[in-house]
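First up is the structure itself, then whatever we jot down about it.
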Amino acid sequence: MDIADAIILALVQGLTEFLPVSSSGHLVIVRELLHMEEALLTFDVLLHLGTLISVILVFWDDVRALVNAAVGIIVDTIHGYGIIAAVSKDNYRRLAIMIAVASLPAAVMGIVLKSLVYTLFSSKLAVGIFLVATGTVLWLSEFSTGNRVRLSDLTLGKALCIGIAQGFAIAPGFSRSGATISTGILVGLPKEDAARFSFLLSIPVILGAGILELKDISLSGFAITSQVAVIFGFITSIVSGYLAIHLVMTAIRQRKLTIFAVYTWVLGIAVIIWSIL
């Protein structure tokens, strides 16, 4: 792998991890165009860790408060508080529980559907179909109306719905951020709260996947030039992920999610035609 390929893949990963357009779908397409027959595990893990760093940087205050909240729940429980009493002490404790609950479906679906997902990653047709599905979900959410509830009032049921949507995003072409932001809006969260919850929810998913693969990664298998490329890619994924988060938040404030819907429709149809031809 040369530096140019590494930077291209890192840009695609960093931008599309948080833009609601599917990072997995774009990586399948880009690898096909670059004639990269298989993913490089070490490089993929480092790119995901780079995007993890970017979301932590943007939401550092929230992340720090959530860690303190989780520790507080554990300490209070050890000291004899009931779980409900421990969780109810402040809004960040409730939010920490909501994120934990919403993280479960993706973990379960990832394990149960692992073999199917590997098959889908080799199918451009599947990627195209799921890209079209992403656009449809985004479009529906943009026109969602009804009463809005604050993030602090999110219920376990609604958090679970967002988590299930995230679980379906293991399919290449179905955007994780698109699915979770859209579902958050559809269950009644204000758009900015839905996006904030989506980004915070990405942390345990990316971290969990990274930890599972960490034991298998090593830079020693790369030539020196490839090691330099990997480092460039890692840095690029942090910067591009950081920019992508701010871009999504701006688009949401300006009610421009439909731009991403149209983009994924056009790209999805193009990929479907490409796969047939």
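The values are calculated or read from the model by the stated rules, or taken from the named source; none is laboratory data. None of the values given here were measured: they were computed from a predicted structure. Cβ: placed from backbone, ideal geometry, glycine included. Neighbour counts: every protein chain shown.
Filter the range 56-81 for residues that are outside any helix (DSSP H, G or I) and surrounded by fewer than 11 Cβ atoms within 10 Å (Cβ to Cβ) and give the result.
His79, Gly80
What residue, among those in the range 141-159 that are more than 16 Å from the chain's Cα centre (by Cα) and among the aliphatic types (A, V, I, L, M), is surrounded by the most Cβ atoms within 10 Å (Cβ to Cβ)?
Leu154
Among residues belonging to the range 116-128 that are of a type in the set (A, V, I, L, M, F, W, C) and closer than 13 Å to Ser24 by Cβ, point out the one that is surrounded by the fewest Cβ atoms within 10 Å (Cβ to Cβ).
Of everything passing the filter in the range 116-128, Val117 is surrounded by the fewest Cβ atoms within 10 Å (Cβ to Cβ).
Which residue, of Leu138, Leu131, Leu113, Leu104, is surrounded by fewer than 22 Cβ atoms within 10 Å (Cβ to Cβ) and closer than 23 Å to Gly268 by Cα?
Going through Leu138, Leu131, Leu113, Leu104 in turn, the sole match is Leu113.
Among the residues of the range 107-115, is any out of contact with any Ser or Thr (no Cβ under 8 Å at 6 or more places or on another chain) and either in a loop (DSSP other than H, G, I, E, B) or more than 19 Å from Gly163 (Cα to Cα) (or both)?
Scanning the range 107-115, I find at least one residue that is out of contact with any Ser or Thr (no Cβ under 8 Å at 6 or more places or on another chain) and either in a loop (DSSP other than H, G, I, E, B) or more than 19 Å from Gly163 (Cα to Cα) (or both), so the answer is yes.
If I filter the range 205-233 down to residues being at pLDDT 85 or above and crowded, with 18+ Cβ neighbours inside 10 Å, which single residue comes out as farthest from Val63 (Cα to Cα)?
Selected residue: Gly233.
For a quick check of your reading of the model, give me the residue pairs whose first member lies in the range 48-63 and is closer than 14 Å to Ser240 by Cα and of a type in the set (Val, Ile, Thr), whose second is at pLDDT below 95 and surrounded by fewer than 17 Cβ atoms within 10 Å (Cβ to Cβ), with beta-carbon atoms closer than 9 Å and at least 6 apart or on different chains.
Every condition considered, the pairs that remain are Val58/His246.
Scan the range 1-16 and report the pairs whose first residue is among the hydroxyl-bearing types (Ser, Thr, Tyr) and whose second residue is assigned to a helix (DSSP H, G or I), with Cβ atoms within less than 6 Å and a gap of 6+ or a chain change.
Qualifying pairs under 6 Å: Thr16/Ser23; Thr16/His26.
Go through the range 120-149 and count every residue that is part of a loop (DSSP other than H, G, I, E, B) and of a type outside the set (Lys, Arg).
9
In the range 150-175, how many are farther than 25 Å from Arg93 by Cβ and either in a helix (DSSP H, G or I) or charged (D, E, K, R) (or both)?
1
Please work out if Glu17 is part of a helix (DSSP H, G or I), charged (D, E, K, R), at pLDDT below 95 and crowded, with 18+ Cβ neighbours inside 10 Å.
For Glu17, the condition - part of a helix (DSSP H, G or I), charged (D, E, K, R), at pLDDT below 95 and crowded, with 18+ Cβ neighbours inside 10 Å - is met.
Return the residues of the range 84-106 that are in a helix (DSSP H, G or I) and either at pLDDT below 90 or basic (Lys, Arg) (or both); say none if nothing qualifies.
Across the range 84-106, the qualifying residues are Ile84, Ala85, Ala86, Val87, Arg93, Arg94, Ala106.
Six or more apart or on different chains, Cβ atoms under 7 Å: show the pairs whose first residue is in the range 24-36 and in a helix (DSSP H, G or I) and crowded, with 18+ Cβ neighbours inside 10 Å and whose second is at pLDDT 80 or above and among the polar types (S, T, N, Q).
His26/Thr16; Leu27/Gln13
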